Amino acid sequence: MPTIQQTHSPLESQDAPRCRTSGSRHGAHRPILLVHGFASSAAMLAPLARHLSRTLRRRVIRVQLSAGRDDLRRSAAALQRVLSLHAAHPDFEHADIVAHSMGGLTATYLLKKLDRGRHVRSVVTLGTPHRGAPLAGLGVLLLGALSRALWQMVPGSGLLRELRQLDAPRGSRIVSIAGTSDWLVPNRFSRLDATPAHRNLSLPGLSHCALLVARAALDRVAEELAWRPAACRLAKADSLELAA
């Protein structure tokens with residue numbers, strides 16, 4: 001059973017997801033779950049959590065999952081268990097997920113395959129290799145025996161093909177935010193296929209890690225979380241270049 005707790009330690013067990021909460025009770029029925037990337041931790045999400053809590057006045061939960069050792073499908077199942085705990089809240093309305101890098105693949109799998117829009121409204125990804133990461137192949141040569149997730153981030157992997165074939169559930173959407181100076185996940189590798197439920201955004205001058213701390217990125221995430229399904233049905237799946 002996943003554990004939810006408030007803690008100051010950045011190191012948490014990879015066998016069960018743990019969570020840290022920011023914000024007040026206001027909006028607790030519409031939680032925002034934050035998911036970290038490869039070789040990272042929930043501690044890296046603190047600036048984003050504080051910004052979203054202050055800006056949106058919603059409950060923000062930083063979830064600690066496997067840092068890359070596990071199959072991303074297994075990580076998605078662990079994230080779903082955390083989601084289920086919050087969905088049991090008597091005033092639960094919906095949840096949104098914001099995920100960095102590899103975590104965006106986990107969140108996308110949760111929405112498209114496991115949750116199917118029952119609880120999740122939006123997934124916003126930051127520097128996520130939706131089309132794979134060019135350096136993942138090198139990572140496999142060095143750490144492939146220790147990391148199943150690295151294999152799944154190689155362009156053309158079975159998981160990436162599965163995610164591209166799955167449709168986003170009706171009433172939900174996925175937003176990919178990329179940085180033009182991200183050399184770990186170059187812009188074209190973070191792009192989602194053009195569908196009404198997908199949205200691609202590009203932030204000039206931001207690197208892979210800057211997507212978690214730059215004000216332009218934090219503000220953009222907050223704006224995307226203000227989305228409503230009715231507006232999405234009228235919007236086109238497009239790619240925008242935004243001023244930092």
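Coordinate-derived values only; no laboratory data. Owing to the predicted nature of the structure, the values given are computational and were not obtained by experimental measurement. Please note: Cβ atoms are built from the backbone with ideal geometry, for glycine as well, and neighbour counts cover all protein chains shown.
For the reader, a short list of remarks on this structure follows.
- Summing Lys and Arg as +1 and Asp and Glu as -1 over all other residues whose Cβ lies under 14 Å from the Cβ of residue 127 gives a net charge of +3.
- When 123, 154 are arranged by Cβ crowding within 10 Å, least crowded first, meaning fewest neighbours, the order is 154, 123.
- Under 5 Å from the amide H of residue 60 lie the amide H atoms of 22, 32, each residue being 5 or more positions distant or on a separate chain, with H modelled from the backbone and absent for Pro and chain starts.
- For region 3-228: rounded, prolate or oblate by the Cα gyration tensor [a/c cutoff 1.5]: rounded
- Cα-based shape type of region 25-148, given that a ≥ b ≥ c are square roots of the gyration tensor eigenvalues and the cut on a/c is 1.5: prolate
- Sequence of 174, 97 once ranked by neighbouring C-beta atoms within 10 Å, starting from the fewest: 174, 97
- Cut-off under 5 Å, modelled amide H: who pairs with residue 101 long-range: 126, 127, 128
- Efficiency of FRET between residue 85 and residue 118 - r from beta-carbon atoms, R0 22 angstrom, step 0.05: 0.95
- In a simple Cβ point-charge model (Lys, Arg +1; Asp, Glu -1; nothing else charged), region 3-228 has a dipole of about 400 debye relative to its Cα centre.
- Within region 130-152: backbone nitrogen closer than 15 Å to the residue 39 label point (7 Å, Cα to C-beta): 133-151
- The chymotrypsin sites (Phe, Trp or Tyr not before Pro) of region 117-207 that meet both conditions, a loop assignment by DSSP and at most 10 other Cβ atoms within 10 Å of the site Cβ, are 183.
- Label zone (residue 54, point 7 Å along Cα-to-C-beta; backbone nitrogen cut-off 20 Å) within region 80-118: 98.
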